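Worksheet: one structure, shown below.
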Amino acid sequence: MKFILAKKEGMTRIFGEDGRARAGTILLADSVTVTQVKTKEGKDAYAAVQVGQGVRRTKNISKPVLGHTKGKGYSALREFRGAEGAAVGDTIDASVFAVGDVVRVSGLTKGKGFAGVVKRHGFHGGPRSHGQKHTERSPGSIGGSGGRAGGRVAKGIRMAGRMGSDRVTVTNLKVLAVDAKAGEIIVSGAVPGRRGTLLEIVSA
């Protein structure tokens, strides 16, 4: 199982041997350090590898986390379940991936703020004319009277609310290029988040 943390840099296009252009996302994968290894036989009772990346001022880190990382200030700590074969202190960089590898990428999507039902759920809204005033982008009835919900609003009714900032995993992305020296990985297609979003890359 191959894995690493990376930051989204932006999108580009890669030309294949057949001359066709493919959309790709540039991921900046700085080296990560293994901070903890969990095993099925240990007290955690499951296999996982925890890694740290980046630098953070130690005064901004809680004492328990600082003790756990042996006084090193990492800007990000992430755990990869199911990973094995690593030891505390090992360094992992972009060279673990090769062109042609199939990976899945996980991260937070862009936050959109409070959004209405048209933007959030794709509702068509109400008519613009024919006696209508303020119902163009309204949700319409939410089923509060009698009927299927029995005088209440049923669970799961789609309404306006905070949109985005959801954890999303995109699967079956192919590695198009790897530059281990620069720490860059280019994967096919789009990945969650904006520029600078921290992403988890795991071999499929």
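The values are calculated or read from the model by the stated rules, or taken from the named source; none is laboratory data. Bear in mind the structure is a predicted one, so any value in this text is a computation, not a measurement. Note: ideal-geometry Cβ built from the backbone for every residue, glycine included; neighbour counts use all protein chains shown.
General remarks:
- Within region 14-36, residues that are within 23 Å of residue 74 (Cα to Cα) reach partners that are in a loop (DSSP other than H, G, I, E, B) and among the acidic types (Asp, Glu) with beta carbons closer than 6 Å, at six or more positions or on different chains, in the pairs 31/93; 34/90.
- From the options 155, 181, residue that is modelled with pLDDT under 95, under 30 Å from residue 21 (Cβ atoms) and either of a type in the set (D, E, K, R) or not assigned by TED's automatic domain parsing to the domain that holds residue 197 (or both): 181
- Within region 18-66, tally of residues that are within 25 Å of residue 197 (Cβ to Cβ) and either outside any helix (DSSP H, G or I) or touching a Cys at 6+ places or on another chain (Cβ under 8 Å) (or both): 28
- You will find that of 131, 140, the residue that is exposed (fewer than 11 other Cβ atoms within 10 Å of the Cβ) and among the small types (Gly, Ala, Ser) is 131 and no other.
- Out of 115, 149, sole residue that is modelled with pLDDT under 90 and either surrounded by 12 or more Cβ atoms within 10 Å (Cβ to Cβ) or within 30 Å of residue 194 (Cα to Cα) (or both): 149
- Among the residues making up region 63-111, those that are surrounded by 13 or more Cβ atoms within 10 Å (Cβ to Cβ) and either outside the structural domain of residue 14 (by TED's automatic domain parsing) or of a type in the set (Val, Ile, Thr) (or both) are 65, 69, 92, 96, 102, 103, 105, 109.
- Across region 22-54, the number of residues qualifying as over 19 Å from residue 184 (Cα atoms) and either surrounded by 10 or more Cβ atoms within 10 Å (Cβ to Cβ) or among the acidic types (Asp, Glu) (or both) comes to 15.
- Criterion (closer than 27 Å to residue 203 by Cβ, in contact with a Phe, Trp or Tyr (Cβ under 6 Å, 6 or more places away or on another chain) and of a type in the set (Phe, Trp, Tyr)) met by exactly one of 80, 97: 80
- Applying the criterion of at least 3 residues that are farther than 30 Å from residue 202 by Cβ and over 33 Å from the mean Cα position of the chain (by Cα) to the strands (runs of 3 or more DSSP E) found wholly in region 102-175 leaves an empty list.
- Scan of region 138-165 for residues that are in contact with a Gly (Cβ under 8 Å, 6 or more places away or on another chain) and either aromatic (Phe, Trp, Tyr) or within 30 Å of residue 191 (Cβ to Cβ) (or both), ordered by number: 160, 162, 163, 164, 165
- Contact annotation: residue pairs with Cβ atoms under 7 Å, 6 or more positions apart or on different chains, pairing a residue in region 178-204 that is within 19 Å of residue 53 (Cα to Cα) with a partner that is among the polar types (S, T, N, Q), are 180/95; 193/109; 199/106; 200/106.
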